[in-house]
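Contents: one structure, followed by commentary.
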Amino acid sequence: MKVSGQHFRTIWLKPENECVVQLIDQRFLPHRFVIEEVSTVEQMATAIREMHVRGAGLIGASAGYGMYLATIEAAARPAVAGFDPYVASAAAQLKATRPTAVNLSCAIERQLKNIRQGKSAEEKIALALRTARLIAEEDAEHCRLIGQHGLKLIQQIARKKAGKPVNVLTHCNAGWLAFVDHGSATAPIYAAHDSGLPVHVWVAETRPRNQGSKLTAWELGEHGVPHTVIADSAAGHLMQHGQVDLVVVGTDRTTYTGDVANKIGTYLKALAAKDNNIPFYVALPSSSFDWNMRDGLKEIPIEERGAEELKHADGWLEGRQVELRVMPQGSPAANYGFDVTPRHLVTGLITERGVCEANEKSIRALFPEQAP
Ligand code: MRU
């Protein structure tokens, strides 16, 4: 996607030195556009844990590149016998960074399987590089295809609106910043906008880290898509008053039965959508399905982050980013990162292979190779 007219992805290899990964450091958006250089596994683990990079697809792509860096580090160690154990411990380090997005462990397992095929350190590095690139390419392409399939849903609604904008509500950031390019929930929106359909997006701010008001609003603004930021708690009111035609959100992990884990607050939006008869879609590349989990509520690990994120808010003041405490010093705070929306509240899933219902039969019909 474009930043000030220039095409960017969220992560790439440094052209002059392919042992270095470059990524957009999202902690500074929307105020500053900062590119970080990462050249060790340790740095990549920090970037994922501290959310320099975030969002399911991008976490997976970052882990893929992290594993490539692990092979370079392993080869630089004196004992050749230590190569595989070194890579295995790097995998464990990267896996421990964030628990909810399934893309993280999938990318790491895929890398481990492929690296194992190499007979020498050089071969292993080459395989890891190829796999990292593939994970990133697939992510971008799958999101592009999600855009094409989701576009048809927006077109159907647009036909009934006689030229008035289609109002889409989204939560958190399942935009291109959460992936390598295009985004999942935003891909149909960009496709609609680019095809000349009038579309307007309600962007839920998404406390406590404000991925909506900081990242989604910035992305949409850069692409020229009309949008309005709302407080998280305003979504139900808008739905009751006919201001929302469609809800599209992303997901960090969706079970093969259709239960959807996404940023905290998604479930309440799904409930409000159901009560108001508004279609509630989840857009996801197949890399965000968990083919081993049946019951989302019981099985999906929900990340709890530090209370500091809730106790403070940050913003831009006189040319610098500042942090302020927004609650009493002594009050305890609990910071749950995700919730699970049960499948019966989900109208459909938009994937790279098309749209399906949020149930096992319909999901497996689109992905028959995942038969148990
Ligand atoms: O904590 P984050 O920002 O990594 O959370 C992930 C998300 O951005 C959302 O849950 C998103 O809607 C799904 S990831 C494409």
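The table below gives the values:
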read-out: With all protein chains modelled, accessible area of Glu222 [1.4 Å, Å²]; value: 70 Å²
read-out: Environment charge at Gly224 (Cβ cut-off 10 Å; Lys +1, Arg +1, Asp -1, Glu -1); value: -1
read-out: Cβ-Cβ FRET estimate between Ala307 and Gln43, R0 fixed at 35 Å, reported to 0.05; value: 0.85
read-out: Cα centroid separation - the range 1-58 against the range 296-353, whole Å; value: 21 Å
read-out: Cβ-derived FRET efficiency at R0 56 Å, Glu299 paired with Ile35, nearest 0.05; value: 0.90
read-out: Mean ellipticity per residue at 222 nm, deg cm²/dmol - from DSSP H runs of n ≥ 4 across the chain, formula -39500 (n - 2.57); value: -12000 deg cm²/dmol
read-out: Cα-Cα separations in the range 251-372 greater than 23 Å, expressed as whole percent; value: 43 percent
read-out: Solvent-accessible area, 1.4 Å probe, carbon plus sulfur percent, for the chain; value: 53 percent
read-out: Whole-Hz couplings from phi, Karplus 6.51/-1.76/1.60, listed for the range 349-357; x for Gly and Pro; value: 10, 9, 10, 5, 9, x, 9, 9, 7
read-out: In Hz, Karplus ³J(HN,Hα) per residue of the range 279-291 (6.51, -1.76, 1.60; θ = phi - 60°; x = Gly, Pro); value: x, 10, 10, 10, 9, 7, x, 4, 5, 9, 7, 9, 7
read-out: For the range 245-258, Karplus couplings with θ = phi - 60° (6.51, -1.76, 1.60), whole Hz, Gly/Pro x; value: 8, 7, 10, 10, 10, x, 7, 9, 6, 10, 6, 5, 9, x
read-out: Prolate/oblate/rounded label for the range 110-260 (Cα gyration tensor, a/c 1.5); value: prolate
read-out: At least 27 Å along the helix axis (C-alpha) and Kyte average at least 0.0, DSSP helices within the chain; value: 56-75
read-out: Between the range 62-96 and the range 240-292, the Cα center-to-center distance that results, in Å; value: 36 Å
read-out: With DNA, RNA and ligands ignored, accessible area of His142 (1.4 Å probe; Å², nearest 10); value: 40 Å²
read-out: Surrounding net charge for Phe83, when Lys and Arg each add one and Asp and Glu each subtract one, Cβ distance under 9 Å; value: +1
read-out: Most mobile listed residue (Leu220, Leu29, Leu345) in the chain, GNM with C-alpha springs under 10 Å; value: Leu29
read-out: Cα gyration tensor shape of the range 185-324, rounded if a/c is under 1.5, else prolate or oblate by comparing a/b with b/c; value: oblate
read-out: Candidate residues Arg110, Arg98: accessible-area rank, largest first, probe 1.4 Å; value: Arg110, Arg98
read-out: Where N is the number of residues in the range 88-165, Cα Rg divided by 2.2 N^0.38 Å; value: 1.68
read-out: 20 Å reach of a label modelled at Lys160, 7 Å along Cα-to-Cβ, counting backbone N of the range 339-358; value: 345-350, 355-358
read-out: Area projected by the alpha carbon convex hull of the chain, averaged over all directions, nm²; value: 19.9 nm²
read-out: Contour excess over end-to-end distance, with Cα ends at Lys152 and Glu109 and 0.36 nm allotted per residue; value: 12.0 nm
read-out: Scaled radius of gyration (Cα, divided by 2.2 N^0.38 Å) that the range 2-138 gives; value: 1.02
read-out: Intensity falloff of the range 212-278 expressed as log10 I(q)/I(0), Debye formula with alpha-carbon point scatterers, at q = 0.26 Å⁻¹; value: -1.24
read-out: Options Pro99, Ala47, Ala61, ranked by Cα towards positive dipole end of the range 2-138, top entry (Cβ charges); value: Pro99
read-out: FRET efficiency for Asn276 and Asp194, using Cβ-Cβ distance with R0 set to 35 Å, rounded to 0.05; value: 0.75
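The values are calculated or read from the model by the stated rules, or taken from the named source; none is laboratory data. Since we're looking at a predicted model, the values are computed, not measured. Glycine gets a Cβ as well: all are built from the backbone with ideal geometry, and neighbour counts include every protein chain shown. These area figures cover heavy atoms from the full protein model, side chains too; ligands, DNA and RNA do not enter into them. Shrake-Rupley method; radii C 1.70, N 1.55, O 1.52, S 1.80 Å.
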